[in-house]
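**Student:** Below: one structure in structure tokens.
The values are calculated or read from the model by the stated rules, or taken from the named source; none is laboratory data. All values reported here derive from a predicted model rather than from experimental measurement. Neighbour counts are summed over all protein chains in view; Cβ atoms, including those assigned to glycine, are modelled from backbone coordinates with ideal geometry. Protein only, heavy atoms only, side chains kept; ligands, DNA and RNA dropped before computing areas. Shrake-Rupley method; radii C 1.70, N 1.55, O 1.52, S 1.80 Å.
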Amino acid sequence: MGYTSNSGSAAGSPRRASASALRERPQAQVLIIGGGINGVGTFRDLALQGVDVALVERGDYCQGASGASSHMIHGGIRYLENGEFRLVQESVVERNRLLKIAPHYVKPLQTTIPIFSTFSGILSAPTRFLTHKQGKPQERGAFLIKLGLSMYDFFSRDGGSVPRHQFRGKEKALAELPRLHPGIKYAATYFDASVHNPERLTLDVLQDGEKAGIGSGLPGGSSRASNYVSLVSMDSVSMDSTADSPRAVLLRDELTGEEFSFQADVIVNTTGAWVDLTNEAMGAASRFMGGTKGSHIVLDHPELLSACGGREIFFEHTDGRIVLIYPMGDRVLVGTTDVDADMAQDAVCTEAEIDYFFDLVGHVFPSIKVERSHIVYRFAGVRPLPRHDDTQPGFVSRDYRIERRERDASGPAAAHGGKAAVVLSLIGGKWTTFRALAEHLSNDVLRELGMERKVSTAKLAIGGGLGFPDSEDGIQDWVKKHMAPGLGADRVGGLLTRYGTRAEDVIAYLKAGEDRKLRSTNELSVRELEFMAANEQIGHLVDVLIRRTSLAFRGLVTGELLNEIAEVLATQLGWDAAQREAEIQHAQQVLLRFHGVTVHSLVA
């Protein structure tokens, strides 16, 4: 992650109310460290069980690996080759569930695999299956892909909501997608699902958890979460601790620099690829993780977008790596790499990876030229994979496990009578299975606390997915119903896309006062930014650009936009002129360093 700073909002701002709630009542039954989708999902699940739970994230929610995904909700057809049948079954079940409980963000995704041979790979497949070694790349032919898709359909048979796969010969395949490589022999098409707004889905899950803790009678509620709060170390318990007091951790507000102690009976480490570093900070070094870096680029390329025909193109590149070309609105996402990560370095998309992406596009669309001028955004993240030694990165399990450790109360803590704190570390995990993973992890926590599960999340709608229209006609009816002076169809439709049915709350807020659209974009208004500042824990200007909206992802950030958003946020978050300018510079630095985007400042 690596791009927090202390140039942020004032301690008394609305956003820092989240950190204040932790400082004012510095204890909980459970403390979750890490605000990616798995930590946030566990926070929601525990809050719904009535657990007094707190969560801290050192950066912004969904800033790390969760925000650097391929934007897919999928069963993982290629995991069949690894023999991970349990994971595939769980994944397709969870995919189908998310289509129902988060329909505002999770949508069916038609996927086509171009195939260049019939029987290739049959002899090498058993070796890959048994040893998880890539060996010399050998293309998977139609026979193996047909077998895999048939198994995939089998796992999807119960509760499935997507069609079964289809095979096309060369003639029909090229009739459907005429820009595909003329050397293909077949094309296989099946359905998975996509999530175009993973950051906002994570925020919806978080807010569900926060709402579940309201009315508990506890100061700040029984579920509290704050971004831009990091774990510093284990800490001595206070002098008035009893033998039943848990050991404390030392936390730091990354926006104000203030440090404070926080006590919990159970600590849940969901920091992804940083799990080992987090455990080390708590005085119990571990060697669980062996993450790999995955990069992507986003292209503004109408020709390539048209060639995809609205489908994800999912295929094996010449090096054996499974890659994708994925239309998203009016942009095209291309990814991904899978290389061992150096945790001492920031995860960024390199020039060599960009060359690799151009090569893979040429592999299936040889008549389409892609240049660096088409790139509007790039991103990279470190997958939270288990330590894998000699296993090829592509064959490392995407399944998850939970490691339990009991931290002995020693040193200063023991002198004051502190008891041991249980630490549960999450190893692995993927976007698609976050709900099931959170349920599993929460069950382990409930056992530690001696509590019973009260609520299942299997059929519980997430945030703005509650009551979301189930058809295009239904969406149009919803939009017409919520139109008002100053809120035309395009604006209301944009709010429904961004918030799901939670857009009703936003629309009510917009109507409650004078509003105007920003000069630099038709997608935001002054009052919507004020709503975000009051309700969505904005810590930095860049949070709005990357995670509260998709403006950066689509290459729509300008110097005028930076200045205009900063001006509105400054009033809401208590930034003075120097802080406002620092936030603009911080946003420029983040966009350039991590996303290859140059945004020039306006000249006064």
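**Student:** For the stretch 542-604, take the convex hull of the Cα atoms, compute a quarter of its surface area, and give me that in nm², please.
**Tutor:** Spelled out: convex hull of the Cα atoms, projected over all directions, averaged, 4.0 nm².
**Student:** Right, here's the next one. For Ala578 and Met328 in the same chain, what is the full-extension length gain: residue separation times 0.36 nm, less their Cα-Cα distance, in nm?
**Tutor:** The span from Ala578 to Met328 would gain 86.3 nm if fully extended.
**Student:** Rolling a 1.4 angstrom probe over the protein heavy atoms, how many square angstrom per residue are accessible across the chain?
**Tutor:** Per residue, the chain has 39 Å² of solvent-accessible surface.
**Student:** Now for a separate question. Can you report the principal axis dimensions of the stretch 276-405 using only the alpha carbons, biggest first, rounded to whole angstrom?
**Tutor:** 54, 25, 25
**Student:** Right, another one. For the stretch 489-604, what is the convex hull (Cα atoms) projected area averaged across all directions, in square nanometres?
**Tutor:** Working: hull surface 28.9 nm².
Seen from a random direction, the Cα hull of the stretch 489-604 projects 7.2 nm² on average.
**Student:** In whole Hz, with x marking every Gly and Pro, tabulate ³J(HN,Hα) for the stretch 52-67 from phi via Karplus 6.51 cos²θ - 1.76 cosθ + 1.60, θ = phi - 60°.
**Tutor:** Going residue by residue, I get 7, 10, 10, 9, 10, 9, 5, x, 9, 4, 6, 7, x, 4, 4, x Hz, with x marking Gly and Pro.
**Student:** In debye to the nearest 20, how big a dipole does the chain give about its Cα centre with +1 on each Lys and Arg Cβ and -1 on each Asp and Glu Cβ?
**Tutor:** On the way: 66 positive and 74 negative charges, 310 e Å.
Dipole size: approximately 1480 debye.
**Student:** Taking H as built 1.01 Å from N, whose amide H comes closer than 5 Å to the amide H of Thr118, not counting residues under 5 places away?
**Tutor:** Ala142
**Student:** In Å, the Kirkwood hydrodynamic radius of the stretch 432-546 over pairs of distinct alpha carbons?
**Tutor:** Value: 16.8 Å, from the Cα pair sum.
**Student:** A further question on this structure: Subtract the Cα-Cα distance of Thr318 and Ala344 from 0.36 nm times their separation in residues, and report this length gain in nm to one decimal. Could you put the intermediate results ahead of the total?
**Tutor:** Working: separation 26, 0.36 × 26 = 9.36 nm, distance 3.00 nm.
Once the chain is fully extended between Thr318 and Ala344, it gains 6.4 nm.
**Student:** Nearest 20 debye, what's the magnitude of the dipole of the stretch 175-324 about its Cα centre given +1 on Lys and Arg Cβ and -1 on Asp and Glu Cβ?
**Tutor:** Values: 11 positive and 21 negative charges, 107 e Å.
It comes to approximately 520 debye.
**Student:** Could I ask something else about it? Using a 1.4 angstrom probe on heavy atoms only, work out the carbon and sulfur share of the accessible area of the chain in %.
**Tutor:** Within the chain, the accessible surface is 52 percent carbon and sulfur.
**Student:** Please return the longest stretch of the chain lacking exposed loop sites, where trypsin sites (Lys or Arg not before Pro) count only if DSSP places them in a loop and at most 16 other Cβ atoms lie within 10 Å.
**Tutor:** Here the longest run is 1-132.
**Student:** How far is the Cα center of the stretch 443-477 from the Cα center of the stretch 313-367, in Å?
**Tutor:** Centre-to-centre distance over Cα atoms comes out at 33 Å.
**Student:** Just want to confirm a number: the relative contact order over the chain, from Cα pairs under 8 angstrom separated by 6+ residues, in percent.
**Tutor:** Over the chain, the number comes to 21 percent.
**Student:** In debye, nearest 20, what is the charge dipole magnitude of the stretch 419-529 about its Cα centre with +1 on Lys and Arg Cβ and -1 on Asp and Glu Cβ, if you could check? Kindly include the intermediate steps, with their values, before the conclusion.
**Tutor:** Working: 17 positive and 15 negative charges, 58 e Å.
Its charge dipole is roughly 280 debye.
**Student:** With no solvent and one point per C-alpha, what does the Debye sum give as log10 I(q)/I(0) for the chain at q = 0.07, 0.08 Å⁻¹?
**Tutor:** -0.43, -0.56
**Student:** Roll a 1.4 Å probe over the protein heavy atoms and report the accessible area of Thr598 in Å², nearest 10.
**Tutor:** 90 Å²
**Student:** Between Ser216 and Ile368, 0.36 nm times their residue separation minus their Cα-Cα distance comes to what?
**Tutor:** Residue separation times 0.36 nm, minus the Cα-Cα distance, leaves 48.8 nm.
**Student:** Using the Cα centre of the chain as origin and beta-carbon charges of +1 (Lys, Arg) and -1 (Asp, Glu), tell me which of Phe553, Tyr105, Phe155 is placed farthest towards the positive end of the dipole.
**Tutor:** Farthest towards the positive end: Phe155.
**Student:** Could you work out how far apart the two model spin labels at Asp477 and Ala17 are, taking each label as a point 7 Å from the Cα in the direction of the beta carbon, and quote it in nm?
**Tutor:** 3.6 nm
**Student:** Using 7 Å Cα-to-Cβ label points, what is the Arg447/Lys170 separation (nm, one decimal)?
**Tutor:** Modelled inter-label distance: 5.6 nm.
**Student:** Consider a paramagnetic label point 7 Å from the Cα of Lys517 along Cα→Cβ; state which residues of the stretch 523-554 have an amide N under 12 Å from it.
**Tutor:** 523-526
**Student:** Apply 1/(1 + (r/R0)^6) to the Cβ-Cβ distance of Leu592 and Ala284, taking R0 = 60 Å, and write down the FRET efficiency to the nearest 0.05.
**Tutor:** That gives a FRET efficiency of 0.95.
**Student:** So how much accessible area does Asp515 have, in Å² to the nearest 10, using a 1.4 Å probe?
**Tutor:** Its heavy atoms expose roughly 60 Å² to the probe.
**Student:** Next question, about the same structure. Provide the per-residue ³J(HN,Hα) series for the stretch 377-387, in order, calculated from phi with Karplus coefficients 6.51, -1.76, 1.60 and θ = phi - 60°, each as a whole number of Hz, with x at glycine and proline positions.
**Tutor:** Per-residue couplings from phi come out as 6, 9, 7, 8, x, 10, 5, x, 8, x, 4 Hz.
**Student:** Along the stretch 357-364, what does the Karplus equation 6.51 cos²θ - 1.76 cosθ + 1.60 (θ = phi - 60°) give for ³J(HN,Hα), rounded to whole Hz, x for Gly and Pro?
**Tutor:** Ordered by residue, 3J(HN,Hα) equals 5, 4, 5, 5, 4, x, 5, 10 Hz.
**Student:** Along Cα→Cβ, 7 Å out, is where each label goes; now give me the distance between the ones at Phe154 and Ala352 in nm to one decimal.
**Tutor:** Roughly 4.0 nm, to one decimal.
**Student:** Given a cut-off of under 8 Å on Cα pairs at least six residues apart, what relative contact order in percent is computed for the stretch 463-604? Mind showing how you got there, number by number?
**Tutor:** Values: 123 pairs, mean separation 24.4, N = 142.
It comes to 17 percent, rounded to a whole number.
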